[in-house]
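What follows is a single structure, written as structure tokens, with notes after it.
The values are calculated or read from the model by the stated rules, or taken from the named source; none is laboratory data. The shown structure was predicted, so the numbers you read here are calculated from the model rather than taken from an experiment. Cβ sites come from the backbone with ideal geometry, for glycine too, and all protein chains shown count toward neighbours. When the accessible area is computed, the model is the full protein with side chains, heavy atoms only, and any ligands, DNA or RNA have been set aside. Shrake-Rupley method; radii C 1.70, N 1.55, O 1.52, S 1.80 Å.
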Amino acid sequence: MKVAFATQDLVHVDAHFGWTKNIAIYDLSPEGARFVEAVQFTDTVAEDGNEDKLTARIDAIKDCAILYVAAIGGSGAARVVAQNVHPMKVAQPEPIADLLDKLCTVLKGTPPPWLRKAMLKGEERKLDFAEES
């Protein structure tokens, strides 16, 4: 399962989704996490109401099951959910490594229903490819 993090420094979840400079993407399983990529944005993002800024960010996370953010607007949240990505808001900046550790621990136990559903996102694609072969 892929998990995305809105981050300014690639270490903490500390960014508003629409204004983030980076999205760090990790592949997560009960055994641990593996860094996949950091998607960087160079657009001028300080303009509220500019929906175009969301398009590249939505494209970056479309294969992810979960998106961690410091904040997200209503329009952005709706577009994220429409991609079957579960947005998670942190109350204060948190280290990405800590969040990954917590998620791994939950995956080793009995994940809540929303997380079990999120975990299926990557599996659906694997099944589709297997059926096409």
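Within segment 50-64, restricting attention to residues that are at pLDDT 90 or above and of a type in the set (Asp, Glu), the residue that is surrounded by the most Cβ atoms within 10 Å (Cβ to Cβ) is Asp63. For first residues located in segment 79-100 and part of a loop (DSSP other than H, G, I, E, B), partners that are open to solvent by 70 Å² or more (accessible area, probe 1.4 Å) and lie 6+ apart or on another chain with Cβ distances below 8 Å form the pairs Gln83/Lys62; Val85/Lys62. Asn84 fulfils the conditions (1) modelled with pLDDT of 95 or more; (2) surrounded by fewer than 19 Cβ atoms within 10 Å (Cβ to Cβ) except for a single criterion, (1).
Summed over segment 65-78, residues that are over 21 Å from Pro112 (Cβ atoms) and not in a strand (DSSP E or B) total 6. Residues in segment 99-133 that are modelled with pLDDT of 90 or more, under 20 Å from Ile61 (Cα atoms) and open to solvent by 70 Å² or more (accessible area, probe 1.4 Å): there are none.
Of all residues assigned to segment 12-29, at least one qualifies as being touching a residue at least 60 places away in the same chain (Cβ under 8 Å), in contact with a strand residue (DSSP E or B) (Cβ under 9 Å, 6 or more places away or on another chain) and under 16 Å from Leu54 (Cβ atoms).
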